[in-house]
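Written below as C-alpha cells is the structure these notes are about.
Bear in mind that the values in this text are calculations on the coordinates, not laboratory data. What you see is a predicted model; the values in this text were computed from it and never measured. Cβ: placed from backbone, ideal geometry, glycine included. Neighbour counts: every protein chain shown.
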Amino acid sequence: MKRIPTMCLNCSTVCGMIAHVKGGRIIKLEGNPLDPNARGKLCAKGQAAINMVEDPDRLHYPMRRIGARGSGKWERITWEEAISDIAVRLRKLRQEKRPEALMLQYGRDRTNGFLDRFTDAFGTPNKLGHRGLCSLNKRMAIKAALGDTDWDTADFLQSRFILNFGSNFYEAHQGHVGMVARVAEARRNGARMVTFDVRLSHTAAQSDEWQPIFPGTDGMVALAIGHVILEENLQNTAFIENWTNVTVAELKEHYKRYTPAFAERESGVSAEVIRRIARDFAEAAPHATTVSNRGAHAHFNGFHNEWAILCLNALVGSIGEPGGLCYLSGDVNQSVPQPGPLPPKPKIRTELSHPAAYPFANELYPRAVSSTIYPDLSSGRAQIDTLISYYVNAPMSWPEGPTLVREVLLSEDKVPFHVAIDAFFSETVEVADYVLPDVTFLEKWDLDARNSYDLRPYVGLRQPVVAPPGECRDIRDILIRLAHAIDGEMAKWFPYADAESFVRAWASTIPVGFHTLLQSGIWVDQAAQQAYRPYLQPVRVDLSHPDVHVDAEGIVTQKSLHTDAYKKIGVLWNGVVVRGFETPDRRFHFKLDQLRKLSLAHEDHEIYPSYFSTWARRAALTEREFVLTTFKWNVHTQSRTANQQWLTEIVGDNPCWIHPLSAVRLGIRDGDLMILRRQMKESAPLPLVEICVKAFLTEAIHPQVVAISASFGHWQYGRTAAFRGYNPNALIESAADPIGGGQAWNDTIVQIFTAD
Amino acid sequence: MMLIDLFSCSGCHACSVACKAEHRSPIGQFKTRVQTVQSGQFPSVRKHFVPTLCQHCEDAPCLEACPVGAIERTDLGIVQIASNRCVGSGDCVPACPYGAIFISDEDGEAKKCDFCSDRLAENLEPACVATCPTDALKFGLADREDIAEILDRDLFSAQWEPEATRPRIWYHKLDKKTAEVLQRINRDSDEVKEN
C-alpha cells in the first residue's frame, strides 16, 4: 500500500489529503495532518472522490460530433486529430487579428495561472469564470473597503462572538472544514454564534441563535447593529479615527437613519434582538467577527449588504485582531511565483470581459461579471467564434441554464465552434463540437493553496495518485500541445514538455524543494509571523532617499526601479512607515467616492454602506408568491458531485422546502407535486417559465421563502446523476447587482400552484 | 467506548463516508450514519444531528437473538459478527433497538460496526473518529482516562436506553426527546432522509 499526499478538489477548499493506493486503485482518502486548514480532517465529499475517479461513465477518448449539435452522435478521434483541428480554427483567429473571438470559459480552475498564460499568449481577454455567480459582491466589498485581499479569514479559534450573515460554512463555503473545526472548538470554549438565514441550515442549527430573516435584508440588520453601536458609543474610536477614511461624527450622522425599528420592518428581526446583538458584539470585540456569504450578498443589493457587514468589524476595531476578522492572501503565486517569462496581458477589452453596465466591477475585478455572458451572446451584444469550456457546466448550474444558456450553446450562429474539456459527459459536453477528456484531480499536477486559518502562508502539491483511464489528459498537457500546434509565437510561452515538468519547475523555488513536497504534500512557511494587524506591519524604507516621497496625508510612495512610476508602499504612523490597508489612501473605507464618480451612488449617503429596500417587494407578495432561494448540502457541491454514489446515497433528491402553513393555504401536502412559475415583470418581459417539483414541508424555513438545493436536476452526467431531482435554475433570471456585479440568485419571486 | 459530542457534531456525514470507504458497505446500507431530528415550530426550530452506529451493548440483544452464535463479544468489549459463522438468518436485525445491523445486499450476511477492529490492530482510531472535522467523536478502550474523566464530570452525557441494553456509546447533549424519536425511527428501521 502506497500513501501519496495530494490535495482535494472535490470542492474549492483544496484540503490536503493522503491517498492510500494499492494495485493502481485508490483504497481510501484521508486528511493530511500537515494541512494548516483542515489539519488532517476530510469531509464526506473529499472521501467520496474515489467514486469520481471510478465513475463508469467517465469520458475516455477525444470525440468529434457527427450529428447535429446536441444530438448525442459522436465519433472517437485521436488526440492528434483533435489538437490539429482545433489549432487550425484558433490559428486563423490569430492570423485574422481577432484573437478576442476566442472565449475560454472555466468552472473550477486551480491551475493558478496556466489558463491565463494560454489566453494571454493567444491575445484574448475573454478568460471568463463563474466568479459573478459565486462570490463577486463579497469579494468586491472586501477589495474596495480593505484592499489587501478579496476574502476574509476570521480568527475563529480565538473569537468569542461570531455573527453569521447567510453563510452556511458548516456545509459548504470556501474554507469549510478548517472553519467548522475551529468554530466547533471555539464554541466548546464558550464562543457564541448567531446566524441570520432564511432557512435553518446546519450552520444555523449549530448556532446559539437562529434568526430567520427576509431575503436581501442582511445589510439592513448590519446597519442597524452599527446604529446601536454608534448610538451607545460602543465603537472603537481610535481605530475609526486613525485607520479609516471617516470620522466617528460622520458615521453617527450616516448610521442615524438605519434604526432597529426600520430593520425590524424590513427583515423581520426584532429591534430588541438587534440591540442585544449589537451590545454583545461590541462587548466581545476585538474577539468578535462576522462571517457572511450568499445569503447576504447574492442579491441585487449584495455589494452594500456585504460592505455593511464588513464595516461592523471596523466599527468595533476587530479587523486584523486575534479573534477578529483577519485577512491574508490565499494566492499560491504570492509564496511561489510561476516560472516566467509570462506573456503580456492583452490590452483589448470586450463586452464579455468588461461589460459596460458594470464599471466598478471592471475597475476592481475585471473579467468577473458572469451573468451577462449568455444574455449578451444571445442578443448579439457580444460575439465569439470559438468557445473552449473547461470544467464548467453552465446549462446545468447557471441562471437560466437549462433555458437561455442551453439555447445559446445549441446555436451554431451564436457559438460557431465549441470545444469542451471535461472528465464527465456534462450538460456542457452535450452541446459541444469536440470533447477532450480531462483527468480528475486525483490524476493531475498543481501547486495550490488557500487563505490559511493558521494565518501563515503555505503551499500544497496536487500530484497524480493513480493513472488516468483511457486517453484522459491534464489540462496543462492539453494547452501546451495546443499552443505548440497553433503557432511558434504562442509556443514560446510554453517551453515545457508536460504538466509535470512545468510543476517541477514551478516548485523548484519552494524552500524545502520539490522532492520533500512530493513526500509531505504541504509546506508551511513557519518563519512567517501570523497575520495579525497586517496594516501595522512596518515597511522597510529609507525616508531620506530621493526616490521616496511622503505626502501631506502621510502616504509613502517609492519610485520603481524600472519605470518612473511611483508606487504606494505604506503610510507614516507614529514616525514609522507601516503597510496600512492596500486602498489608495492606505485606510479602511467606510466611504467610497468612486461610487459617486461612476454614478453608482444616486444620493449622497450612498457613498457609505447603504441599504436598498426590499420592503415594497415583500409587502406586495400574495399568498401564492414566495422568494425562491437555493442552497448546498454538506455532501454535495453545486453541480459536480451528483455522480458520486457515496454522496448521492446520503442526499439524492432535492424537493422544495416550504413552510407547512404556507403550503396548507395552497392545498399542498408533504410530497405533493407543485408548479413553480416565475413571476412576470412588467418592466422586463421574460418568457413564461415553470417547473414541477416535489414539496417538502418543514418548519425550518421562513414562511415567505421556498428553497431548493442545487446539485440535482441533471439530464446528463452519467447514470448515477441523471434524472434525479429538480433543476431550479430555469426560473432564475440572469441579473446582477449593478455595483458589485454578482448574480442576484436569491431575489426570484415564484408563484406556486398545485400540480393537478 | 465511544463518546459522541452532539454539541459539536456538524451533521456532515464525514464519519459515514469514512466508514463506507473503509468497509465498502453496499450502496444504501450503512454501518455508521448521521440521523437528523427536527423539533419545534418556526421560528423556534431545532435540528439535532446524531451519529448512529452499533452501541456495543453490554447486554446486547443481537447477541441473544442470533440462532447460530455468530455474534460475540471480544475481550475488549467489542460486539462483533463472526463472518464465517453468520448464516444470514436476519434475526439480529429487528433485535437491535438502534437499527445498527443490516443484511448485506451483496453477500447476504449480517453487518455492523466493529469499531474498525482491523484499524485498532494497527493502533489506528476507528475511521469515523479519525476524520471527524469537529472532533465530535472520541474513542477509547474501557480504560481511556480522558473519556472516563469527561464522563465523570459531565452532567449532560447519556446512553440510549441504558437500563435495557447498557450501551458502550455515550452521547454528550442527547436530550430525551431526540433519543425517543430516534428510538422509534430506528425500531421501524425507517431511514430519516435529508432533503
Alpha-carbon centroid distance for the pair segment A:219-237 / segment A:68-98, whole angstrom:
58 Å
Hey, could you get me the Stokes-Einstein D for segment A:538-578, Kirkwood radius over alpha-carbon pairs, 10 °C and 1.306 mPa s, rounded to whole µm² s⁻¹?
155 µm²/s
If you average the alpha carbon positions of segment A:462-515 and of segment A:652-716, how far apart do those two centres end up, in angstrom?
46 Å
Starting from the Cα of A:ILE675, step 7 Å toward the Cβ, then list every residue of segment A:609-647 with an amide N under 18 Å from that point.
A:622-626
Give the long-range amide H neighbours of A:THR244: residues separated by 5 or more places, or on another chain, with amide H under 5 Å away, using H modelled in the peptide plane at 1.01 Å from N.
A:PHE588
Under 8 Å for C-alpha pairs, at least 6 residues apart: give me the relative contact order for segment A:11-127, rounded to a whole percent.
13 percent
Per residue Cα convex hull volume in Å³ - calculated over chain B:
125 Å³
Antiparallel versus total DSSP beta bridges in the protein assembly as shown: what percent is that, nearest 5?
60 percent
Karplus (6.51, -1.76, 1.60) ³J(HN,Hα), θ = phi - 60°, over segment A:623-633, in Hz, Gly and Pro reported as x
4, 8, 9, 9, 8, 8, 10, 10, 8, 10, 8
Where Cα atoms sit under 23 Å apart: lysine pairs in segment B:2-187 separated by 8 or more or lying on different chains
17
Checking rank on B:122-128, A:714-720, A:116-122, A:405-411, with mean other Cβ inside 10 Å and highest first, the result is A:116-122, A:405-411, A:714-720, B:122-128
Describe numerically, in nm with one decimal, the distance between label points set 7 Å from Cα along Cα→Cβ at B:ILE185 and at A:GLU625.
3.7 nm
Could you tell me the relative contact order of chain B? Use alpha-carbon pairs under 8 Å, at least six residues apart, and round to a whole percent.
29 percent
Under the rule that a partner needs its Cβ under 4.7 Å from the first Cβ, which Cys of chain B have none?
B:CYS9, B:CYS12, B:CYS19, B:CYS57, B:CYS66, B:CYS86, B:CYS96, B:CYS116, B:CYS132
Dividing the mean separation of Cα pairs under 8 Å (6+ apart) by the residue count of chain A yields a relative contact order in percent of 19 percent
State, in angstrom, two size descriptors of segment A:621-754 derived from its alpha carbons: Rg to one decimal place and Dmax to the nearest whole number.
15.1, 46
With -39,500 (n - 2.57) per DSSP H segment of 4 or more residues and division by the full residue count of the protein assembly as shown, the 222 nm estimate, nearest 500 deg cm²/dmol, is -7500 deg cm²/dmol
Enumerate the calculated ³J(HN,Hα) couplings along segment A:242-259 in order (Karplus 6.51 cos²θ - 1.76 cosθ + 1.60, θ = phi - 60°), each rounded to whole Hz, writing x wherever the residue is Gly or Pro.
8, 10, 10, 9, 9, 9, 4, 4, 4, 5, 4, 5, 5, 6, 3, 5, 8, 6
Got a sec to turn the phi values of segment B:8-22 into Karplus ³J(HN,Hα) couplings, 6.51 cos²θ - 1.76 cosθ + 1.60 with θ = phi - 60°, whole Hz, x for Gly and Pro?
9, 4, 9, x, 7, 6, 4, 4, 5, 6, 4, 5, 4, 5, 5
Quickly work out the B:GLU145-to-A:LEU410 label distance, labels modelled 7 Å from Cα along the C-beta direction, and quote it in nm with one decimal.
7.1 nm
With label points set 7 Å from each Cα along the Cα-to-Cβ direction at A:SER520 and B:GLU163, the distance between them in nm comes to 5.8 nm
If the reach is capped at under 16 angstrom between alpha carbons, list the aspartates and glutamates near A:LYS97, excluding any in the same chain fewer than eight residues apart.
A:ASP120, A:ASP385, A:ASP487, A:GLU489
Expressed in angstrom and rounded, the centroid-to-centroid distance over alpha carbons for segment A:1-63 and segment A:424-459 is 12 Å
Using eta = 0.890 mPa s and T = 25 °C, Stokes-Einstein with Kirkwood Rh from Cα pairs puts D for segment A:184-235, in µm² s⁻¹, at 197 µm²/s
Cα convex hull of segment B:1-95, projected area averaged across orientations, nm²
8.2 nm²
With no solvent and one point on each alpha carbon, what is the Debye value of log10 I(q)/I(0) for segment A:154-259 at q = 0.21, 0.23 Å⁻¹?
-1.09, -1.14
Direction-averaged shadow area of the convex hull around the Cα atoms of the protein assembly as shown, nm²?
39.4 nm²
